[in-house]
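Okay, structure first, notes after.
The values are calculated or read from the model by the stated rules, or taken from the named source; none is laboratory data. Since the structure is predicted, the reported quantities are computational estimates derived from the model, not experimental observations. Note that we place each Cβ from the backbone using ideal geometry, even for glycine, and neighbour counts take in every protein chain shown. Areas reflect the complete protein model, heavy atoms only, side chains present, ligands, DNA and RNA absent. Shrake-Rupley method; radii C 1.70, N 1.55, O 1.52, S 1.80 Å.
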Amino acid sequence: QASPSARSFQLDYEHNCFLKDGVPFRYISGSIHYARVPRPAWRDRLLKMHMSGLSAVQVYVPWNYHETLPGVYDFAGNRDVEAFLDLTAELGLLVILRPGPYICAEWEMGGLPAWLLWKPDIILRSSDPAYLAAVDSWLHVLLPKIKPRLYQHGGNIISVQVENEYGSYYACDYGYLQHLLGSFRALLGNEVLLFTTDSTRVEELRCGTLQGLYATVDFGPGSNVTEAFDAQRHVEPKGPLVNSEYYTGWLDYWGEAHASTSAAWVARGLEDMLQLGASVNMQVLTLLSWPGADYNNQYKPVTTSYDYDAPLSEAGDPTEKLFAIRTVISKFQPLPVGPMPPATPKYAYGWVALQKYADLLDVLDVLCPSGPIQSQFPLTFEAIKQAHGFVVYHTQLPQDIPDPATLGVPPHSIRDRSYVMLQKKYQGTLERDGQITLRVTGKAGDTLDMLLENMGRISFGANTSDFKGLLGNISLDYSPLSNWLIYPLAIDTAVQQGWPHAAMPKSSSRGRAGPTFYTGIFETPGIAWDTFVKFPGWSKGQLWINGFNLGRYWTQRGPQQTLFVPGSVLHVGRPNNITVLELEGAPLTPLLLFLDRPLFNRTLSHSTSATE
């Protein structure tokens, strides 16, 4: 172990490698998202990565996970990034840090806080002074926590990435990258190795790289390794070859087939890179959390499970792919001595009956304690400072409509789904890039409620300013409706505080259609093991257990059919409280099924069969 004064991690342009304490070095690293892994499982996942032969882990820091409102910071519990970094050091892993400010990672808005959009004309990821002011104030909070953990200062962070795949963003603003370089240098010092990552496309490398930041590339097993590294050589003629994000799998979108990449293919690409002496970081492990969305002529929300067909599964189980990667690594460097820690135990808790608690519209007093906002016309989530979740828009029909009239919105103004109720009766759903009209009848004064759902802000590509809610007027036969009451809902907060299990059920005669809360309880048989929950015959909604938000299910679209429930959220010796918000329609007998394995591959566009 070199003394702190002698510790260094730098580039060797003469021998095209890294130098660690003056000795040639290359890393084989895996990405881990502490924000997607429950804190009690951090050690298990890191240990498995260490035992796979990885010498380093790459860690993303999502800005919006820590600065939830301007100047309001959360580094407690699962968000304690310093505790996570300390654990990596304790296990002898080096760290490549990706603090953003933009990280992509298929995370809501690429890690940028939604509150940036409170200034509607802000230009994200650019030299816009409003954006830079927010970035700088965040970096002044985050980077001082990082500096003492840098390798040069006796810590284990060997390099820090600035921005992420900036070349794929339309702005191509060198002034912005220059500003970030200045801020990172000012807060982290001149010794730390700073780098960028972009795809191998020429125009992306042109816009994403900057003198003073070492340029690395990312590509997957389908690429020709030599050609891909030639692209890096185009911008960095000398220095180590680096693939900063070797895709070992791909992500799932709702309503599309489950993605998978073969283990042999991944292993072969890895071996080709290591043979060239390259340093590689792989997507190794991932989990549930704040899914974002992609946009390529159509809005594509990412599923809750970020399993990514990864070498370590969502539950932290080593897969065939992990062992294939480990075998390749063993050809190039010695593996740690000892066995791979086993898969975590799973338990099939079986069927659990739920009962209807209340229709969402009957509990607005609980979900929106501050009361509604009055507005002539609809306002966006951002205009009412609601980042995530749901907002109810309420108005009344201005006149009798004896014959069916068209309730509609302009194209692209439903962000992202709207559940429509007339006189508290569910009429149907409008959705972004989908159906935007319904036929309705009614009387003057009848109530019209629209529950708007944010399905995740776009995390990659040209337009990251993804406003949510109603972005245009709702009209009846082309005449706009006015006089709205807008209810920003704090469902997560209410459920975290024990609602509705602490409250008395609201009796309600209305049926099973439309946004409705269901509750139930189950006991564990003296053990709290990981489990997977399936929603037979349910449509679409959200699940909480013991106040912990486990994400969205969308049984009718797929491919994801189960949600992962980490054992750490379950109680032993007292009941576990289940809360479900079903948005479209629950089955006649509302049951959940707890299994000991996940189910993916079913993409159901229209069928609602409950059988497997």
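What the table below lists for this structure:
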quantity: Residue check for Ala387: in a loop (DSSP other than H, G, I, E, B) and surrounded by 14 or more Cβ atoms within 10 Å (Cβ to Cβ); calculated: yes
quantity: Contacts under 7 angstrom Cβ, first residue in region 456-468 being among the acidic types (Asp, Glu), partner crowded, with 20+ Cβ neighbours inside 10 Å and modelled with pLDDT under 80, 6 or more apart; calculated: Asp466/Arg457; Asp466/Ile458
quantity: Options Leu69, Leu19: the member that is more than 15 Å from Leu312 (Cα to Cα) and in contact with an Asp or Glu (Cβ under 6 Å, 6 or more places away or on another chain); calculated: Leu19
quantity: Lone unmet requirement of (1) part of a helix (DSSP H, G or I); (2) over 16 Å from Leu142 (Cβ atoms) for Cys104; calculated: (1)
quantity: Spans of helices (runs of 4 or more DSSP H) in region 31-93 with at least 1 residues under 17 Å from His140 (Cβ atoms); calculated: 63-66, 81-90
quantity: Filtered residues of region 337-347 (kept if loosely packed, with under 13 Cβ neighbours inside 10 Å and in contact (Cβ under 8 Å) with a residue 60 or more places away in the chain); calculated: Gly338, Pro339, Pro345
quantity: Residue tally, condition under 14 Å from Gln161 (Cα atoms) and of a type in the set (Ser, Thr, Tyr), over region 187-243; calculated: 5
quantity: Test: residue in region 283-300 that is within 30 Å of Glu14 (Cα to Cα), open to solvent by less than 30 Å² (accessible area, probe 1.4 Å) and modelled with pLDDT of 90 or more; calculated: no
quantity: Top-ranked residue in region 361-381 [being assigned to a helix (DSSP H, G or I) and out of contact with any helix residue (DSSP H, G or I) (no Cβ under 9 Å at 6 or more places or on another chain); ranked as farthest from Gln396 (Cα to Cα)]; calculated: Asp365
quantity: Sole residue being of a type in the set (Phe, Trp, Tyr) and at pLDDT below 90, chosen from Tyr487, Tyr518, Tyr553, Tyr478; calculated: Tyr478
quantity: Residue satisfying condition, being open to solvent by 10 Å² or more (accessible area, probe 1.4 Å) and within 26 Å of Ala171 (Cβ to Cβ), within set Ala134, Ala41; calculated: Ala134
quantity: Pair list, Cβ < 8 Å and 6+ apart or interchain, from region 578-601 residues that are of a type in the set (Gly, Ala, Ser) to residues that are open to solvent by 20 Å² or more (accessible area, probe 1.4 Å); calculated: Gly585/Tyr426; Gly585/Arg512; Gly585/Ala513; Ala586/Lys356; Ala586/Arg512; Ala586/Gly537
quantity: Selection status of Thr216, part of a loop (DSSP other than H, G, I, E, B), touching a helix residue (DSSP H, G or I) at 6+ places or on another chain (Cβ under 8 Å) and open to solvent by less than 30 Å² (accessible area, probe 1.4 Å); calculated: no
quantity: Selection status of Glu67, closer than 29 Å to Ser465 by Cβ, surrounded by 15 or more Cβ atoms within 10 Å (Cβ to Cβ) and touching a Lys or Arg at 6+ places or on another chain (Cβ under 7 Å); calculated: no
quantity: Selected residue (only one of Glu191, Glu165, Glu203 is closer than 28 Å to Asp272 by Cβ, open to solvent by 30 Å² or more (accessible area, probe 1.4 Å) and charged (D, E, K, R)); calculated: Glu203
quantity: Test: residue in region 28-49 that is out of contact with any Phe, Trp or Tyr (no Cβ under 6 Å at 6 or more places or on another chain) and free of Cβ contacts under 8 Å to residues at least 40 places away in the same chain; calculated: no
quantity: Some residue of region 43-60 being of a type in the set (S, T, N, Q) and closer than 16 Å to Gly316 by Cβ; calculated: yes
quantity: Candidate set from region 219-236 (those that are without any contact (Cβ under 8 Å) to a residue 40 or more places away in the chain and of a type in the set (A, V, I, L, M)); member that is surrounded by the fewest Cβ atoms within 10 Å (Cβ to Cβ); calculated: Val235
quantity: Some residue of region 161-169 being under 29 Å from Glu82 (Cα atoms), without any contact (Cβ under 8 Å) to a residue 60 or more places away in the chain, assigned by the TED database to the domain that holds Glu227 and not aliphatic (A, V, I, L, M); calculated: no
quantity: Residue satisfying condition, being over 18 Å from the mean Cα position of the chain (by Cα), open to solvent by less than 30 Å² (accessible area, probe 1.4 Å), modelled with pLDDT under 95 and outside the structural domain of Gly456 (by the TED database), within set Leu117, Leu93, Leu85, Leu142; calculated: Leu117
quantity: Ala513 being closer than 28 Å to Met421 by Cβ, surrounded by fewer than 20 Cβ atoms within 10 Å (Cβ to Cβ) and over 19 Å from the mean Cα position of the chain (by Cα); calculated: yes
quantity: Identity of the residue in region 570-592, open to solvent by 40 Å² or more (accessible area, probe 1.4 Å) and part of a loop (DSSP other than H, G, I, E, B), that ends up nearest to Ile521 (Cα to Cα); calculated: Pro575
quantity: Hey, Gly155 over 30 Å from Pro301 (Cα atoms) and assigned to a loop (DSSP other than H, G, I, E, B) or not; calculated: yes
quantity: Hits in region 404-435 - residues which are modelled with pLDDT under 95 and either in a loop (DSSP other than H, G, I, E, B) or open to solvent by 60 Å² or more (accessible area, probe 1.4 Å) (or both); calculated: Val409, Pro410, Pro411, His412, Ser413, Asp416, Arg432, Asp433, Gly434, Gln435
